[in-house]
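For reference, the structure is listed below as structure tokens.
Nothing in this text is a laboratory measurement; each read-out follows from the coordinates by a stated rule. Here the structure is a predicted model, which is why all the values come from computation and not from measurement. Virtual Cβ from ideal backbone geometry, glycine too; neighbours counted across all protein chains shown.
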Amino acid sequence: MKVEIILIICINAFFIGVETQIAQETTANPEQLSTGADSSQTYFIGTDSIGGEGAAGVEQQLSAVKTPATGTGGSGGTFNVKDFGAKGDGKTDDCKAIQAAWQTACKCTGSPKIVISSGTYLTGPVQFFGPCKATTITVQVEGTLKASTNLAKYGSHDWIQFGWVNGLILTGGGTFDGQGAVSWPYNKCPANKKCNVLPTNLKFNAMTGTTVKDIKSVNSKFFHYGLINVQKFNASGLHITAPGDSPNTDGMHIERSSDVTITNSVIRTGDDCISVGHGNSHVTIKGITCGPGHGISVGSLGRYQNEGDVNGLIVQNCTLTGTQNGVRVKTWENSPTPSKAINMTFEDIIMNNVGNPIIIDQTYCPYVSCTSTAPSKVKLQDISFKKIRGTSSTPVAVMLECSKNLPCQNVVLQDISLSHPSGAKSTCQNVQAKIVGTVVPTPCKG
Ligand SMILES: *[C@@H]1O[C@H](CO)[C@@H](O)[C@H](O)[C@H]1NC(C)=O
Ligand SMILES: *[C@@H]1O[C@H](CO)[C@@H](O)[C@H](O)[C@H]1NC(C)=O
Ligand SMILES: *[C@@H]1O[C@H](CO)[C@@H](O)[C@H](O)[C@H]1NC(C)=O
């Protein structure tokens, strides 16, 4: 008889403040101490807004306990969480059953599948952690997962956490409901640099070869999707919604990742539609409908020490409606270390009543006052805006504000047509954009 240790990882920790630099809290995490695991990842978040609304840059540390698969399972197989005791009645906490189904599937070789069939499953944080023995492992969500509204259950954890799994397929048309409305009043991040960061709905960490298809995410407490350190991640058919005034409910934040493709999805939230943070390469965003929200952003970059570069971004065939910004590159002033963001193309984009449809902002500082106004050390180069048309809700439709020390290089504006009722304008600083085709509003000279 083999002895199998089942780690109970349904969490019931105290809600301790997650602030910037929370190393002490990580070591104080009782769970982590009891398992001796020490996998932690620093997750840098720059949240934002423009136009004096006040916002924040938040750094969160993801501390995650790895749960190695113990024992051996068979090959393949389908595991319904209801067979592991899940009720799906919307009242019972189904965390342990979901977790047990995952543990079992994770031990199988081949292509196991866990099924969360129709029903409403209430749960606090769930950890779908590997490494698993499977080649691919499918999580088929047909029902609705509802996040517990009791913040004491989360500690510094996110809600649905995937980590150290290769070949994950998350699909099924189901819904992840973060029930965020109850906790939004506790989110002080839009006003305060030191703030408790609430749980992200779906976090993916250190994974290779992930597919997410036909999944809904509703009313996250904080971000809807957070990707850190993932390679080969494809998502399509996402449906992401939260009210336009909900704080920090970014659709997706991507960081330190490569070969990420997000296609044919609808994202309506209170913050960035998609934000591409530092250390990313080869990111493709296509066929996305955004709004309300803050638009599609690169950044914010240059806030922290030793950030990685951004290289290779394509944003194509997107429609933005009523968003605060359109396509934006934002870098902090006074960045501690140099970095760069290069090779980015924004193409075939329709703007409907969008504020700042095209914007590069290298003096980003969402707080009332920043400690310094030293120019940004993030170098921006090889950026094309092509075939962008529609209406601006602000008179300045094209704003290119580059760093005094590092003027932007090789910025191309091609076939742009943006209007505003009182006449659209361009502003620019420290940049000489190359003009191709017809560009309206009239380009300015930096
Ligand atoms: C993601 O999509 C690309 C292009 O369609 C494809 O080559 C790649 O294999 C896909 N990756 C995964 C993990 O499905
Ligand atoms: C553009 O995106 C829409 C979804 O917004 C999609 O239906 C359409 O097929 C895409 N077109 C191309 C040419 O990719
Ligand atoms: C520029 O980005 C595209 C898209 O990610 C990529 O295919 C290409 O290799 C990049 N070019 C360079 C010179 O890195």
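Our estimate of slack between Asn264 and Ser372, defined as 0.36 nm per intervening residue step minus the Cα-Cα distance, is 34.8 nm.
Label-to-label distance, Asp214 versus Ala152, with points set 7 angstrom from Cα along the beta-carbon direction: 4.0 nm. In this rough spin-label picture, where each label sits 7 Å from Cα along the Cβ direction, the Asp83-Thr284 distance is 3.7 nm.
Step through the table entries Lys193/Lys386; Lys153/Lys193; Lys133/Lys340, compare each Cα-Cα distance with 27 Å, and write down the pairs that go over it. Intermediate values should be presented prior to the final figure.
Numbers: Lys193/Lys386 36 Å; Lys153/Lys193 24 Å; Lys133/Lys340 38 Å.
Long pairs (Cα-Cα over 27 Å): Lys193/Lys386; Lys133/Lys340.
Each Lys or Arg adds one and each Asp or Glu takes one away; over the other residues whose Cβ falls under 10 Å from the Cβ of Asn334, this sums to +1. Here the spin labels are modelled as points 7 Å beyond Cα on the Cα-Cβ line, and at Thr337 and Gln305 they lie 0.8 nm apart. Within the same chain, lysines fewer than 8 places from Lys425 are excluded, and of the rest, those with a Cα less than 16 Å from its Cα are Lys445. The packing ranking of peptides 341-350, 241-250, 435-444, highest mean first, is 241-250, 341-350, 435-444, where packing means the average number of other beta carbon atoms within 10 angstrom of each residue. Could you sort out which of Lys194/Lys286; Lys203/Lys286; Lys146/Lys203; Lys188/Lys404; Lys216/Lys387 sit more than 25 Å apart by Cα distance in this structure? Going by Cα-Cα distance, Lys194/Lys286; Lys188/Lys404; Lys216/Lys387 fall outside the 25 Å limit.
Taking the square roots of five times each eigenvalue of the Cα gyration tensor of the range 323-394, the equivalent ellipsoid has semi-axes of 26, 17, 6 Å, listed largest first.
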